[in-house]
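Accompanying notes for the structure given below.
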Amino acid sequence: MSGVLTQGMEFGMNKTALITGASRGIGKAIARRFAAAGYDLILTCINNMKRMDAIAEELRTNHHVSVRCYQGDMGDEDFVARIFDEIGGVDVLINNAGISYAGLLQDMSSEDWHKVMSTNLDSIFYTSSRAIKRMLNNHEGRIINISSMWGSVGASMEVAYSASKGGVDAFTKALAKELAPSNIQVNAIACGVIDTDMNSHLSPQEREALTEQIPAGRYGTPEEVAGLAYMLATAPAYLTGQIITLDGGLC
């Protein structure tokens, strides 16, 4: 567990969204989209608190919303419990924190395997189980999980990542059925190739080859994922239990 930013903690009548992994890429874009819509925000990151502080200040200044930030590992149940002890609950939960591992399975250590599973899958159990409590009391709420197309089709050299995202998809569908009678919607976005740091390990030649496989002819943008996340947060209540693929037609 680590530091807490105490500025901008006065939450008012706005709806509140918790966005994990919000210091860069998709999480940062989602934070900007929800702040623009007037949501107060709780943001988390694991490493770069300085960068997240700057994002929080930007959102407060530009959109006049409250922003509270936490630094820590979303795969650490004690850390997640601490957040919810302080915030109570949220209207929208967006589980975006995630890591990848590229390499042959036989070369992967047990430690690396468990780290991928903890960050990508355990974390959404820790956050969802706690967020649900206030949502049940309010008889409404939205949970949006950021998944991957590899969760359904699998990716060579990314067995652990694919397995974790397949788990996210199954978790989403099952929890949606469990919570539908309580007017709580649970959906996931199965991202294709999005232009983020997660793909920075690819060489220019690999990027070009991958782009050629995508019917849309380009990588997706974090802003496109953010727009879809906001659509899910405001979609008709009858939309639940869906894994919506955003991949430029690749799969």
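The one condition from (1) without any contact (Cβ under 8 Å) to a residue 40 or more places away in the chain; (2) more than 30 Å from G103 (Cβ to Cβ); (3) open to solvent by less than 20 Å² (accessible area, probe 1.4 Å) that A176 does not meet is (1). Here I94, I99, I83 are screened, and the one residue that is in a helix (DSSP H, G or I) and in contact (Cβ under 8 Å) with a residue 12 or more places away in the chain is I83. Of all residues in the stretch 211-251, those being at negative phi, of a type outside the set (V, I, T) and in contact (Cβ under 8 Å) with a residue 40 or more places away in the chain number 16.
Out of everything in the stretch 191-210 that is hydrophobic (A, V, I, L, M, F, W, C) and touching a residue at least 24 places away in the same chain (Cβ under 8 Å), what residue ends up being surrounded by the most Cβ atoms within 10 Å (Cβ to Cβ)? Break it down into steps so the answer makes sense when it comes.
The initial filter retains those residues of the stretch 191-210 that are hydrophobic (A, V, I, L, M, F, W, C), namely 191, 193-194, 198, 202, 209-210.
Retained after the next criterion (residues that are touching a residue at least 24 places away in the same chain (Cβ under 8 Å)): 191, 193-194, 198.
Numbers: C191: 26, V193: 22, I194: 22, M198: 19.
Filtering the stretch 191-210 for residues that are hydrophobic (A, V, I, L, M, F, W, C) and touching a residue at least 24 places away in the same chain (Cβ under 8 Å), the one surrounded by the most Cβ atoms within 10 Å (Cβ to Cβ) comes out as C191.
Apart from one condition, I146 fits all of (1) touching a Phe, Trp or Tyr at 6+ places or on another chain (Cβ under 7 Å); (2) buried (at least 18 other Cβ atoms within 10 Å of the Cβ); (3) touching a residue at least 24 places away in the same chain (Cβ under 8 Å); the exception is (1). For the stretch 37-64, taking the residues that are surrounded by fewer than 23 Cβ atoms within 10 Å (Cβ to Cβ) and of a type in the set (V, I, T), the one that is farthest from R82 (Cα to Cα) is identified as T61. Go over the candidates T127, T211, T196 one by one and state the one that is in contact with a Pro (Cβ under 7 Å, 6 or more places away or on another chain) and of a type outside the set (D, E). Just a single option satisfies the conditions, and that option is T196.
Residues are listed down the side, and each one gets a yes or a no for (1) touching a helix residue (DSSP H, G or I) at 6+ places or on another chain (Cβ under 7 Å); (2) among the aliphatic types (A, V, I, L, M); (3) in contact (Cβ under 8 Å) with a residue 24 or more places away in the chain:
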{"position": "S23", "(1), (2), (3)": "yes, no, yes"}
{"position": "A29", "(1), (2), (3)": "yes, yes, yes"}
{"position": "D40", "(1), (2), (3)": "no, no, yes"}
{"position": "I46", "(1), (2), (3)": "no, yes, yes"}
{"position": "M49", "(1), (2), (3)": "no, yes, yes"}
{"position": "L59", "(1), (2), (3)": "yes, yes, yes"}
{"position": "H63", "(1), (2), (3)": "yes, no, yes"}
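Quick one: in the stretch 27-36, of everything that is out of contact with any Leu (no Cβ under 8 Å at 6 or more places or on another chain) and closer than 18 Å to Y70 by Cβ, which residue is most open to solvent (accessible area, probe 1.4 Å)? Selected residue: K28.
Within the stretch 211-238, which residues are outside any helix (DSSP H, G or I), exposed (fewer than 14 other Cβ atoms within 10 Å of the Cβ) and not basic (K, R)? Step through it out loud before you land on a result.
Here is the first cut: in the stretch 211-238, the residues outside any helix (DSSP H, G or I) are 214-221, 234-238.
Among the residues that remain, those that are also exposed (fewer than 14 other Cβ atoms within 10 Å of the Cβ) are: 215-218, 234, 236-238.
Listed by number, the residues that qualify are P215, A216, G217, T234, P236, A237, Y238.
Hey, can you tell me all the residues within the stretch 152-172 that are farther than 19 Å from N96 by Cβ and either open to solvent by 60 Å² or more (accessible area, probe 1.4 Å) or of a type outside the set (G, A, S) (or both)? Scanning the stretch 152-172 gives V153, S156, M157, V159.
The values are calculated or read from the model by the stated rules, or taken from the named source; none is laboratory data. Note that this is a predicted model, so its numbers are computed, not measured. All Cβ positions, even for glycine, are placed from backbone atoms using ideal geometry, and neighbour counts span all protein chains on display. The area values use the complete protein model at the heavy-atom level, side chains included, leaving out ligands, DNA and RNA. Shrake-Rupley method; radii C 1.70, N 1.55, O 1.52, S 1.80 Å.
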